[in-house]
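*Asks:* My structure is below; once you've seen it, I'll send some questions.
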Ligand SMILES: Cc1cc2nc3c(=O)[nH]c(=O)nc-3n(C[C@H](O)[C@H](O)[C@H](O)COP(=O)(O)O)c2cc1C
């Protein structure tokens, strides 16, 4: 069996705490007495890679049998005894990570056009090409999307945080009658019933204050975004595939963006908000006949981070 490991390079780490924050549900990462993050309670770690993906300094590495994962993958992908460099497409795939740190600079128009072109060329079920693409080419436009999406969540979490609703919802969740309405949280699920109830109540408060926080960004401060939709007014036969059509287009965009040195990150939370909120869709010009949506926010990665932090190693 392969031995998996995790390393934090404290010469690169600036102790910003982003990795601890992203791991707050599992609490595998904690701040050590020296101020740097360290892995604790390893048995809870599922090697999801969130810490590695969010680190703006590329200070975190996962290893397999002592080699960094990227080196291990590369060795596996090389022909036996061969020394050839990995094919560029595989190199890109193996190094790709979600990036949530952008330097605020604009995305050049020609790069955005190439990303769009790649998305349009993505395969679709039955070659229906049943997609529309909406371009938000400026930070102020993405910020407007961000503010409206955040407002959607602020309103819904504020409703949940009212004392009566909060108590009922927390009780139902603790009894597991509403299990699955929040993201997986094994720490809470493992608690005894009464503690579980108050932990869920606190969770609502935390969420309500998160979305009320003007600094919180669902779009991570990206400078451009492409929204993809599929239409409902087509033949029934291909409807079950429309979600896949949108997802594949977003994936093509992610790869195209990375190959052009742009960073990006999928946005399931914003997709959910647009799916649930007709007024939000109307405000942003998305027709009622649109079904699935997918967002690709993009921008230039910060100089300390990179579009694909693993590629730095
Ligand atoms: C369908 C989907 C939805 C996602 N939604 C979000 C999101 O709303 N916000 C976010 O910051 N990251 C989102 N992500 C990014 C994941 O958190 C990320 O892919 C995962 O943590 C693994 O990190 P990596 O992409 O760097 O390998 C989403 C990813 C996928 C595939």
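The values are calculated or read from the model by the stated rules, or taken from the named source; none is laboratory data. Since this is a predicted model, take the numbers as computed values, not measurements. Glycine gets a Cβ as well: all are built from the backbone with ideal geometry, and neighbour counts include every protein chain shown.
*Asks:* Kindly check whether there is at least one residue in the range 202-213 that is more than 16 Å from the ligand (Cβ to nearest atom), surrounded by 19 or more Cβ atoms within 10 Å (Cβ to Cβ) and touching a residue at least 40 places away in the same chain (Cβ under 8 Å).
*Replies:* yes
*Asks:* Condition check: crowded, with 18+ Cβ neighbours inside 10 Å and in contact (Cβ under 8 Å) with a residue 40 or more places away in the chain. Does residue 299 satisfy that?
*Replies:* Yes, satisfied.
*Asks:* Can you give me the number of residues within the range 122-160 that are in a strand (DSSP E or B) and farther than 26 Å from residue 261 by Cβ?
*Replies:* The total comes to 1.
*Asks:* If you don't mind, there's one more thing I want to ask. Can you tell me which residue in the range 100-121 is farthest from the chain's Cα centre (by Cα), limited to those that are buried (at least 20 other Cβ atoms within 10 Å of the Cβ) and assigned to a loop (DSSP other than H, G, I, E, B)?
*Replies:* 107
*Asks:* Tally up the residues in the range 246-276 that are in a loop (DSSP other than H, G, I, E, B) and farther than 17 Å from residue 120 by Cα, please. Let's see the steps before the verdict.
*Replies:* To start, the set of residues in the range 246-276 that are in a loop (DSSP other than H, G, I, E, B) comprises 260-262, 265-267.
Filter once more, keeping what is farther than 17 Å from residue 120 by Cα: 261-262, 265-267.
Number of matching residues: 5.
*Asks:* Working only within the range 287-306, note down all residues that are within 28 Å of residue 96 (Cβ to Cβ), outside any strand (DSSP E or B) and touching a helix residue (DSSP H, G or I) at 6+ places or on another chain (Cβ under 8 Å).
*Replies:* Hit for the range 287-306 is 306, nothing else.
*Asks:* Sticking with this one: If you go through the range 251-280 one residue at a time, how many are within 11 Å of the ligand (Cβ to nearest atom) and surrounded by fewer than 20 Cβ atoms within 10 Å (Cβ to Cβ)?
*Replies:* 5
A quick yes/no check of all residues on (1) over 26 Å from residue 48 (Cα atoms); (2) away from the ligand (no atom under 15 Å from the Cβ); (3) buried (at least 16 other Cβ atoms within 10 Å of the Cβ):
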position	(1), (2), (3)
197	yes, yes, yes
217	no, no, yes
221	no, no, yes
237	yes, yes, no
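*Asks:* Counting just the residues of the range 83-95 that are within 15 Å of the ligand (Cβ to nearest atom) and at pLDDT below 85, which one comes out surrounded by the most Cβ atoms within 10 Å (Cβ to Cβ)?
*Replies:* If we take residues in the range 83-95 being within 15 Å of the ligand (Cβ to nearest atom) and at pLDDT below 85, then 95 is surrounded by the most Cβ atoms within 10 Å (Cβ to Cβ).
*Asks:* In this structure, is residue 137 more than 16 Å from the ligand (Cβ to nearest atom) and modelled with pLDDT of 85 or more?
*Replies:* Criteria met by residue 137.
*Asks:* Given the structure, is residue 242 at pLDDT 90 or above, away from the ligand (no atom under 14 Å from the Cβ) and either surrounded by fewer than 16 Cβ atoms within 10 Å (Cβ to Cβ) or under 20 Å from residue 118 (Cβ atoms) (or both)?
*Replies:* Answer is yes for this residue.
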